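S.K.: Below is one structure. I have some questions about it.
The values are calculated or read from the model by the stated rules, or taken from the named source; none is laboratory data. Worth saying up front: this structure is predicted, and the values here are computed from it rather than measured. Glycine gets a Cβ as well: all are built from the backbone with ideal geometry, and neighbour counts include every protein chain shown. SASA here: full protein model, heavy atoms, side chains in, ligands and nucleic acids out. Shrake-Rupley method; radii C 1.70, N 1.55, O 1.52, S 1.80 Å.
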Protein chains: 2
Amino acid sequence: MVKLTKLIDNNCLVAPGEKSQLSKRATVADDILPDRQAANEATKENTKAIDALQDALWAEHHRALLVILQGIDTSGKDGTVRGVFNRCGPLGVCVTPFGRPTDEELAHDFLWRIHKAAPKKGVIGVFNRSQYEDVLVVRVRGLAPADVVEQRYEQINAFEKHLHDNGTRVLKFMLNISRDEQRERLQQRLDDPSKNWKFNAGDLEDRKLWDDYAKAYETVLDRCSTEHAPWRVVPADRKWQRNAIIAATVRKTLEDMAPSYPKPDWNPSDFKIT
Amino acid sequence: MVKLTKLIDNNCLVAPGEKSQLSKRATVADDILPDRQAANEATKENTKAIDALQDALWAEHHRALLVILQGIDTSGKDGTVRGVFNRCGPLGVCVTPFGRPTDEELAHDFLWRIHKAAPKKGVIGVFNRSQYEDVLVVRVRGLAPADVVEQRYEQINAFEKHLHDNGTRVLKFMLNISRDEQRERLQQRLDDPSKNWKFNAGDLEDRKLWDDYAKAYETVLDRCSTEHAPWRVVPADRKWQRNAIIAATVRKTLEDMAPSYPKPDWNPSDFKIT
């Protein structure tokens, strides 16, 4: 377990202040997770541990964990929620998907809706997309002036530092899939009737902008991987490797936080239940 | 499965317009669920089915399900969420606990915070406590004038009909435990250090009002079990029976709703993914 998270961090962590070199990063992790069955067993153990640790986090009621999932269409954000957080369940985990902003959200600064969805004490919050959309799709599609986008990287870093300094640990995962893998997953949505409803012709438009998105992601990784909230680029072509990497990292983070059950200020003998 | 839900409804359903006779209702269900292992296996199957049905409900994106859990302290509301809804996970299930109202909530009518938390299309909403607190604790503790409380039963019925008529099915479960079982569960919270944080001396005050709560619950069941949103009183002394009864009922309800994947208005051959 300790060995695995070490390997993961050697492979996936974007060292703060260094170039992320996204194009050189792997979309498979056969070197650190060669065996599917062993990986799935580790994930099972890790999700059990996450559940137990979240229970203590809730009892302690003092801090929170925010897990940010970013990645292009079909990269597996929903699948990660299922694979890593279902055991913890809807009591302990709160998922917020960020889609196209509403009129009310657009009438505020871009972090307004994000801050509102920050996890409360004791809870694991998961963002499916996040504040980073405002420097990804917004930049690629030119939805805001370049100088406005330019300011946002530092604003995001400051915001995440604020969360961190107020007791919320921030974990950021970019789910990195290959162009070929995305083609296969989109084709599945066309071919499998039970997946047809997930198909969105707009995804094909974004696919044409693959290189622009890659560039925008690279800038995010270069500028927003910080000591208090570093980015990890997760090889995500194989779902079981992706889940294993994220489950191990979440568990390790919660273990580092070491939430503890509060000590009661009473003795059992103080009470007689009739 | 059909046989079981039939048995459950014969035993648990409060027929609209009839007296609930709460004091005569069982807190164990050995007659309909004699075997623990068989019950747990049924629950496992049913939670899998709930997960699959919720996926279709989400894809359909047209209707919702609201599950209301009511019961005195330690009756197992959180445990029900874990036992019945964890497999469906935080993507498909949204749990809202209703505690003491905030100042802002008190500045509105009592259904304001409830309506705000109604599940959105495609989602299963679970209320841990609900609008019924406003005719339970509020009545028992005299937190509102009697004539105000008196109006609320019909207001709740009208509100639930509104939800129903707008596509949200409403399921209501009262978790029925015995006085002895509550003593044991409270004592556990005193004796087991990992459960100490759940102990709240105020629960003992409520326990002293056991008969008043029973009377208030009986009125709720008598007056608010309707065709569109009937109450079920669930024998809840044995957690595995409670979970089996609720999982079977939720599954049956979703099967009756029969959500379906939307048919695409395109052919796979319309698109070429390059």
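S.K.: Sort B:106, B:33 by accessible area with a 1.4 Å probe, largest first.
M.R.: Result of the area sort, largest leading: B:106, B:33.
S.K.: Rounded to the nearest 0.05, what FRET efficiency is calculated for residue B:105 and residue A:63 with R0 set to 25 Å and r the Cβ-Cβ distance?
M.R.: Working from the Cβ atoms, E equals 0.45.
S.K.: Okay, moving on. What order do you get for B:125-134, B:8-17 when each peptide is scored by the mean count of other beta carbon atoms within 10 Å, highest first?
M.R.: Output ranking for B:125-134, B:8-17: B:125-134, B:8-17.
S.K.: If you line up the long axis of helix B:210-224 against the longest principal axis of chain B, both from Cα atoms, how many degrees apart are they, to the nearest 10?
M.R.: The helix B:210-224 is inclined about 40 degrees to chain B.
S.K.: For chain B, find the longest principal axis of its Cα atoms and tell me its angle to the long axis of helix B:146-165, 0 to 90°, nearest 10.
M.R.: 10
S.K.: Give me the Å³ per residue figure for the convex hull around the C-alpha atoms of chain A.
M.R.: Enclosed volume per residue, from the Cα hull, is 176 Å³.
S.K.: Can you return the aspartates and glutamates within cross-link range of residue A:3? Criterion is Cα-Cα under 19 Å, with same-chain partners fewer than 8 residues away left out.
M.R.: A:30, A:31, A:35, A:41, A:45, A:255, A:256
S.K.: Could you tell me the center-to-center distance, by alpha carbons, between the range B:187-202 and the range A:74-118 in angstrom?
M.R.: One Cα centre to the other: 33 Å.
S.K.: Could you work out how far apart the two model spin labels at residue A:41 and residue B:117 are, taking each label as a point 7 Å from the Cα in the direction of the beta carbon, and quote it in nm?
M.R.: Inter-label distance under the simple model: 4.2 nm.
S.K.: Nearest 100 Å², what total accessible surface is buried between chain A and chain B (probe 1.4 Å)?
M.R.: 3400
S.K.: Sort B:209, B:175 by heavy-atom solvent-accessible area, probe 1.4 angstrom, most to least.
M.R.: Numbers: B:209 45, B:175 0 Å².
Listed by decreasing accessible area, they come as B:209, B:175.
S.K.: Now a separate question. What FRET efficiency comes out for the pair residue A:144/residue A:31, r = Cβ-Cβ distance, R0 = 56 Å, nearest 0.05?
M.R.: Numbers: r = 40 Å, r/R0 = 0.71.
The pair residue A:144/residue A:31 has a calculated efficiency of 0.90.
S.K.: Next up: Sum -39500 (n - 2.57) across every DSSP H segment of at least 4 residues in chain A, then divide by the residue count to get the 222 nm mean residue ellipticity, nearest 500.
M.R.: Rounded to the nearest 500, the figure is -14500 deg cm²/dmol.
S.K.: Separation of the range A:1-22 and the range B:20-46 by C-alpha centroid, Å?
M.R.: Measuring centre to centre over Cα atoms gives 50 Å.
S.K.: Using a 1.4 Å probe, what is the accessible area per residue for the range A:99-241, in Å²?
M.R.: 47
S.K.: Considering only B:165, B:51, B:109, give the residue with the highest GNM mean-square fluctuation for chain B, with springs between Cα atoms whenever their separation is below 10 Å.
M.R.: Between B:165, B:51, B:109, it is B:109 that shows the largest mean-square fluctuation.
S.K.: Specify whether the C-alpha gyration tensor of the range B:60-108 places it in the rounded, prolate or oblate class, a ≥ b ≥ c being the square roots of the eigenvalues: rounded for a/c under 1.5, otherwise prolate if a/b is larger than b/c and oblate if not.
M.R.: oblate
S.K.: How far is helix B:2-12 tilted, in degrees, relative to the longest principal axis of the Cα atoms in chain B, given as a value from 0 to 90 rounded to the nearest 10?
M.R.: Rounded to the nearest ten degrees, it is 30.
S.K.: Please calculate the 1.4 Å probe accessible area of residue B:62, with all protein chains present, and give it to the nearest 10 Å².
M.R.: Probe radius 1.4 Å; accessible area of residue B:62 about 120 Å².
S.K.: Is the shape of the range A:218-263 rounded, prolate or oblate, going by the alpha carbon gyration tensor and its root eigenvalues a ≥ b ≥ c, with a/c under 1.5 for rounded and a/b larger than b/c for prolate?
M.R.: oblate
S.K.: Could I ask something else about it? Leaving ligands, DNA and RNA out of it, report the carbon-plus-sulfur percent of the accessible area of the range B:165-213 at a 1.4 Å probe. Walk me through the intermediate numbers first.
M.R.: On the way: 940 of 2380 Å².
That share works out to 40 percent.
S.K.: Treat the range B:3-77 as a sphere of radius equal to its Kirkwood radius over Cα pairs and apply Stokes-Einstein at 4 °C in a medium of 1.567 mPa s; give the translational diffusion coefficient in µm²/s, rounded to a whole number.
M.R.: 84
S.K.: Let me know the mean shielding of B:181-190 by other chains, meaning the per-residue number of their Cβ atoms within 10 Å of its Cβ.
M.R.: The per-residue average across the peptide is 2.
S.K.: Shape call for the range B:1-154 from the C-alpha gyration tensor, a ≥ b ≥ c root eigenvalues: rounded (a/c under 1.5), prolate (a/b greater than b/c) or oblate?
M.R.: Since a/c reaches 1.5 but b/c is at least a/b, the shape of the range B:1-154 is classed as oblate.
S.K.: Give, ordered by residue number, each residue of the range A:85-132 whose 1.4 Å probe accessible area is reduced by a minimum of 30 Å² on adding the remaining protein chains to the chain alone.
M.R.: A:86, A:90, A:91, A:95
S.K.: Across the residues of B:257-269, average count of Cβ atoms on other protein chains within 10 Å?
M.R.: 2
S.K.: Structure shown: which of B:121/B:172; B:44/B:195; B:24/B:161 lie over 21 Å apart, alpha-carbon to alpha-carbon?
M.R.: Values: B:121/B:172 19 Å; B:44/B:195 26 Å; B:24/B:161 28 Å.
With Cα atoms farther than 21 Å apart: B:44/B:195; B:24/B:161.
S.K.: Right, next: For the protein assembly as shown, report the % of Cα-Cα distances exceeding 36 Å. Walk me through the intermediate numbers first.
M.R.: Values: 58831 of 149878 pairs.
That tail contains 39 percent of the Cα-Cα pairs.
S.K.: Could you give the nm distance between label points at residue A:263 and residue B:19, where each point is 7 Å from its Cα heading toward the beta carbon?
M.R.: The two pseudo-label positions are separated by 5.5 nm.
S.K.: To continue, here is another question. Can you give me the Kirkwood hydrodynamic radius for the range B:169-257, using every pair of distinct Cα atoms, in Å to one decimal?
M.R.: Averaging 1/r across every pair of different Cα atoms and inverting gives 15.1 Å.
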